[in-house]
1. As a check on your grasp of the helix formula, calculate [θ] at 222 nm for the chain: sum -39500 (n - 2.57) over DSSP H runs of n ≥ 4, divide by the residue count, round to the nearest 500.
2. Enter the Cα centre distance for the pair the range 53-114 and the range 5-26, rounded to the nearest angstrom.
3. Mean Kyte-Doolittle hydropathy of -0.5 or higher plus an axial Cα length of 24 Å or more: which whole DSSP H helices in the chain meet both?
4. Compare Ser76, Ser19, Ser61 in a GNM of the chain, Cα atoms joined below 10 Å, and give the one with the largest fluctuation.
5. So which chymotrypsin sites (Phe, Trp or Tyr not before Pro) in the range 30-114 are both in a DSSP loop and have at most 14 other Cβ atoms within 10 Å of their Cβ?
6. To the nearest 20 debye, what is the magnitude of the charge dipole of the chain about its Cα centre, counting +1 on the Cβ of each Lys and Arg and -1 on the Cβ of each Asp and Glu?
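Computed from the coordinates by the stated procedures, all read-outs in this text should not be read as laboratory data. Everything numeric in this text was worked out from a predicted model, so none of it was measured. Cβ: placed from backbone, ideal geometry, glycine included. Neighbour counts: every protein chain shown.
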Amino acid sequence: MAFEKLSDSIEELKKDARSFADSNAEYYKLKAFKGGVKGVTAVVNLLLILFFGVFALIFISIAGAIAISVAIDSPSAGYWIVGGFYVLLVILIVLLRKKIGRVILTKASESFFK
């Protein structure tokens, strides 16, 4: 009788352990799915912002170049000035790329390990 009770308890423990393992696996699957969806959503949002941001920057740059050209009364000078501004910006980014990389790595690490 005691042996049957012990045997039943062991069987019940096995079932409970299997049920716990299955529930745990499902939880982590859902958690991974949620993380994946969040990541995809963030990438899509970033791509949309970049896409429309680039178009806005192009139109603003053209409008600024035209305004500068009209202001100094030279048809191409505004485009040269705006182009030169972007070249200077690229040179600045190249010179500061290691610092920029460290800042991005630090922020990403803080966000990831929270």
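1. Computed ellipticity for the chain at 222 nm equals -34000 deg cm²/dmol.
2. For the range 53-114 versus the range 5-26, the Cα centre distance is 61 Å.
3. 2-72, 77-95
4. Ser19
5. Passing both the DSSP loop test and the Cβ count: Phe113.
6. Working: 14 positive and 9 negative charges, 92 e Å.
Roughly 440 debye, rounded to the nearest 20.
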